[in-house]
Structure formats: structure tokens, C-alpha cells
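Throughout, read-outs are computed from the coordinates displayed, never taken from laboratory work. Since this is a predicted model, take the numbers as computed values, not measurements. Cβ coordinates were reconstructed from backbone atoms using ideal geometry, including for glycine residues, and neighbour counts include every protein chain displayed.
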Amino acid sequence: MTVAASSHRPSRTLVDGVSRVARAVRWYVRELLGAAAYDHYLERFALDHGDDDSHQPMTEKQYWRQRIDEQPLDARCC
């Protein structure tokens, strides 16, 4: 392969850098919009309850219903 031909292919470090930035942006957007809140709930539930089969985590639908119900009525947009 010639030098000219290899210059048109992105280097591995460039691809790794772009991939790392894309993961960081995805994480930031999920945190900002609250999309990761249920994941955080599941992580915390696992820490608190471990292998205790008598307690099951809420489903995602139940989790979001509870979050909405806990908001003051004047804080809701709809």
C-alpha cells in the first residue's frame, strides 16, 4: 500500500476518538433528558435489595408513573 492510498483511510486513533466522543455525547443527552433515570433506579435497587427475591423492582412503566405522580401538580406541563 502506498502512502497516498493509506492517507484516505481514517487512522485507528481518529476512529477511537470519534467513538469516545459519541459515547460521551450519548451519555450526556441521556442524563440531561432523564432517560437514564430508570437505569439508575435499577442499579440502586440491586444495591439495596441484592438477591432478595421477595422484592421485585418496578417495571419501567410503573417507575415513570410514580415519578409523574410524585411531581407537584403545578410542576406539570400537561
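Tabulated data
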item: Residues located in segment 27-38, provided they are surrounded by 12 or more Cβ atoms within 10 Å (Cβ to Cβ) and either free of Cβ contacts under 8 Å to residues at least 24 places away in the same chain or not aliphatic (A, V, I, L, M) (or both); result: Arg30, Glu31, Ala36, Tyr38
item: First in segment 51-70 and outside any helix (DSSP H, G or I), second anywhere and of a type outside the set (D, E, K, R), Cβ under 6 Å, 6 or more apart; result: His55/His49; Pro57/Leu42; Pro57/Phe45
